[in-house]
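The values are calculated or read from the model by the stated rules, or taken from the named source; none is laboratory data. As the structure is a computational prediction, the values presented were derived from the model and not from experiment. Glycine gets a Cβ as well: all are built from the backbone with ideal geometry, and neighbour counts include every protein chain shown. Surface areas here come from the heavy atoms of the whole protein model, side chains and all, with no ligands, DNA or RNA. Shrake-Rupley method; radii C 1.70, N 1.55, O 1.52, S 1.80 Å.
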Number of protein chains: 2
Amino acid sequence: MKDGPDIARIASLIGEPARANILAALMAGRALTARECAAEACVAASTASAHLNQLVEARLLVVEVQGRHRYYRIAGADVAEAVEALMGLAARIGSTRSRPGPRDPAMRKARYCYDHLAGEVATALHAKLIADGLLVAAADGLAVSATGRARFVAQGIDLAELEARPRPLCRSCLDWSERRPHLAGSLGAAIAQLAVKRGWCRREAGTRAVTFAPGGAKALLALADGTSAAAGPKSARG
Amino acid sequence: MKDGPDIARIASLIGEPARANILAALMAGRALTARECAAEACVAASTASAHLNQLVEARLLVVEVQGRHRYYRIAGADVAEAVEALMGLAARIGSTRSRPGPRDPAMRKARYCYDHLAGEVATALHAKLIADGLLVAAADGLAVSATGRARFVAQGIDLAELEARPRPLCRSCLDWSERRPHLAGSLGAAIAQLAVKRGWCRREAGTRAVTFAPGGAKALLALADGTSAAAGPKSARG
DNA sequence: GCGATGGTTCGATGCGCACCGAAGCATTTC
DNA sequence: GAAATGCTTCGGTGCGCATCGAACCATCGC
């Protein structure tokens, strides 16, 4: 008796090294061209093309054509969740790279997980949002309290607009490096955007790792207790 | 730049059909002999032996030798989590079996997910435990409230003993069929055992699907509001 | 319009690995 | 002790699929 959905196909698609590298690179949440994907996978353009076709056909990736450029990105949060779960498992059983890259500590500190923040800073924020009563348990996992609602709106996050979309507002995403949840969902994504917009942190090219400005992590955490100024340390209103 | 743990190896192990079938069968939380694993995978004993060795070496499975029998089981909750995440993704993108088995509705209703309950009944319980204040949000995801503590203890669940172990007490596990969380962790496992012990539900051979006795689901849900009698519908105190 | 660039398709190649039956080892049963 | 049973190891086989360069198509820039 073979119970449940057939995981073999999905896992075998993810389990090929070139495709795994493409997916990992796309976990930064940005779209990459076919050429960039080929570089991430260290294969010829023709090989990447075949791999990308498979991933698109399997609905793990979506492609957007702009002239002669094709931009690929992860199809949705559920794909990211599965990849993150596999990363957690791989990290725990020791399937790490033979030679840890220089950015591993940076990845653990803070990184993009698809479209929201992950790592030490993000899990600390998640914990604080709960401890300070902005997020509460709900049937779907987590919900924003009235206190939280006021706080997020005051920071310029349009909750009503987020809620109007089919995507869940709050979702716990088990962090592979911290082994506890960070905040995903549309709210998690909005907070990540806010942090970048405020200049608390910035993204770097070619990696998921995120760099926090001096005082940036503190400012992000201050979201929870309401001491976060609407203007960031650099008054980056643009 | 190749960021994060290397998921290719894990995924490729899971992505081979025979191994995927073995893992799926073991998600019922029971140990299977090598012979039984071979039957689940529909391969020769020698082929299964090679596959099982790979899974054990990769620490996805553990094996216990009893005389001439070798019992294999899933190595831990993190493996189950990754498999469940892949199942969720596979279910959503349509990689279901060509011919849905007769037990698919039963699987959706209630099934074992490793060592705790999943499906409609389990997610309803999770929601009710939260709505009734027995579970609350915490930094690690979920925690038992004082009210919940008293309730579970009254039902014979030794929380102190569970907490003395390294395994998390409460963990949200995103249910592949319901798309919202059911309760995992050592508490989730204890509740599953309680339900079986009380005769509210029973496990069936050869499948993860769980069958609830008449009134059994209601009794399980009544855990949350304290109307669940210490004796089940069949006074199954054994 | 031409050359450069991005990307796809095609065809040939070769490697990896799942497969099986046979043989062998270990344990159990009578 | 012999036969049955569970399981592993071995060796040969063949299929699947990732790979690349060449050819081709589409778009962009001058």
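Here are the numbers:
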{"quantity": "For the stretch B:153-179 versus the stretch B:69-83, the gap between their alpha-carbon centres in whole angstrom", "calculated": "18 Å"}
{"quantity": "Spatial extent of the stretch B:81-217: Rg and Dmax, with the Cα atoms as the point set, Å", "calculated": "15.1, 48"}
{"quantity": "Residue-averaged beta-carbon neighbours from other chains (10 angstrom radius) around A:135-147", "calculated": "5"}
{"quantity": "By average C-beta atoms within 10 angstrom, highest first, the peptides A:211-222, A:190-201, A:17-28", "calculated": "A:17-28, A:190-201, A:211-222"}
{"quantity": "All-pairs alpha carbon distance profile, the stretch B:143-228, 10 Å steps from 0, percent", "calculated": "16, 46, 34, 4"}
{"quantity": "Nearest-ten-degree value, helix B:120-131 long axis tilted from longest Cα axis of chain B", "calculated": "40 degrees"}
{"quantity": "Per-residue mean of C-beta atoms belonging to partner chains within 10 Å, peptide B:79-85", "calculated": "6"}
{"quantity": "Per-residue average of Cβ from other chains inside 10 Å of A:13-20", "calculated": "6"}
{"quantity": "Position residue B:149, label points 7 Å along Cα→Cβ, spacing to each other copy in nm (shortest first, one decimal)", "calculated": "3.1"}
{"quantity": "Accessible area in the full protein assembly, largest first, 1.4 Å probe, for B:149, B:202, B:180", "calculated": "B:202, B:149, B:180"}
{"quantity": "Lys, Arg +1 and Asp, Glu -1 on Cβ, resulting dipole of the stretch A:7-75 about Cα centre, debye, nearest 20", "calculated": "120 debye"}
{"quantity": "Paired Rg and Dmax values of chain B, which use every Cα atom, in angstrom", "calculated": "18.5, 61"}
{"quantity": "Estimated dipole of chain A in Debye, rounded to 20 [Cβ of Lys and Arg +1, of Asp and Glu -1, Cα centre]", "calculated": "720 debye"}
{"quantity": "Shortest-first distances to equivalent copies, position residue A:133, nm, label 7 Å out along Cβ", "calculated": "1.4"}
{"quantity": "Proximal charge balance of residue A:167 [Cβ under 11 Å; K/R count +1, D/E count -1]", "calculated": "-1"}
{"quantity": "Helix-only CD estimate at 222 nm, as mean residue ellipticity for chain A, using -39500 (n - 2.57) per DSSP H run (n ≥ 4)", "calculated": "-13500 deg cm²/dmol"}
{"quantity": "Residue B:32 - accessible surface, heavy atoms, 1.4 Å probe, Å² rounded to 10", "calculated": "30 Å²"}
{"quantity": "Sequence-distant aspartates and glutamates (8 or more away, or on other chains) whose Cα lies within less than 20 Å of residue B:109", "calculated": "A:3, A:6, A:140, B:81, B:84, B:120, B:175, B:178, B:204"}
{"quantity": "Cα-based Rg of the stretch A:9-78 normalised by 2.2 N^0.38 Å, two decimals", "calculated": "0.97"}
{"quantity": "Cα-based helix-to-principal-axis angle, A:216-225 vs chain A, degrees rounded to 10", "calculated": "60 degrees"}
{"quantity": "For residue A:151, net neighbour charge (Lys/Arg +1, Asp/Glu -1) across residues whose Cβ lies under 14 Å away", "calculated": "-1"}
{"quantity": "Helix axis angle, B:17-26 relative to chain B longest principal axis, alpha carbon, degrees", "calculated": "30 degrees"}
{"quantity": "The stretch A:80-225: relative contact order in percent, alpha carbon pairs under 8 Å with at least 6 residues between", "calculated": "28 percent"}
{"quantity": "Accessible-area ranking of A:147, B:33, largest first, probe 1.4 Å", "calculated": "A:147, B:33"}
{"quantity": "Nm distances between copies for residue B:204, ranked from closest, using label points 7 Å along Cα→Cβ", "calculated": "5.5"}
{"quantity": "Accessible area of residue A:109 in the full protein assembly, 1.4 Å probe (Å², nearest 10)", "calculated": "100 Å²"}
{"quantity": "Cα radius of gyration and Dmax for the protein assembly as shown (Å)", "calculated": "22.7, 71"}
